[in-house]
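Data block below; observations after.
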Ligand code: AMP
Ligand code: ZN
């Protein structure tokens, strides 16, 4: 079982920001900005490359709700999902990074 599935199952602790039946948002363990939250579907989906249009449709208002709860919706944030090895994906469970709380710098170098 992947580490994010273990978080969903409660086997690994997390600092939850927001949760519903389908999704959970929690603080990243190694924050890359002042606010760094991870949003995942509770069902295991490997990455954006495999996700259904229905899950993407449902996760959109959830992510928007998370940004309101974090109080970053007005000042802005960066929303990222990494896909596969060239995308820099380390955890093989679809997740969106919300980076906020400061001006986020360049994350990609050639
Ligand atoms: P990615 O490189 O896109 O796969 O990002 C994986 C993210 O998951 C990284 O930012 C990690 O810091 C984060 N992460 C890994 N394990 C945990 C954990 N147990 N709790 C919270 N965040 C985690
Ligand atoms: Zn998983």
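Laboratory data are not the source of any read-out in this text; all were calculated from the coordinates shown. Predicted, not measured: the structure shown is a model, and the values here were computed from it.
In terms of its alpha-carbon gyration tensor, the chain comes out rounded; the largest-to-smallest axis ratio a/c stays below the 1.5 threshold.
Which whole-number percentage describes the relative contact order of the chain, with Cα contacts under 8 Å and a sequence gap of 6 or more?
Working: 160 pairs, mean separation 34.1, N = 110.
RCO, the chain: 31 percent.
Before rounding to the nearest 500, sum -39500 (n - 2.57) across all DSSP H runs of length at least 4 in the chain and divide by the residue total; then give [θ] at 222 nm in deg cm²/dmol. Walk me through the numbers before you get to the answer.
Numbers: 3 runs with 28 residues, N = 110.
After summing the helix terms and dividing by residue count, I get -7500 deg cm²/dmol.
Comparing mean-square fluctuations of 38, 29, 83 from a GNM of the chain with C-alpha springs under 10 Å, the top value falls on 29.
Given their separation in residues at 0.36 nm each and the Cα-Cα distance between them, residue 6 and residue 102 gain 31.5 nm when the chain is fully extended.
Which residue, 30, 93, 44, has the most motion in a Gaussian network model of the chain that connects Cα atoms within less than 10 Å? Checking each option, the largest mean-square fluctuation is seen for 30. Among 58, 86, 15, the largest mean-square fluctuation in a Gaussian network model of the chain (Cα springs under 10 Å) belongs to 86.
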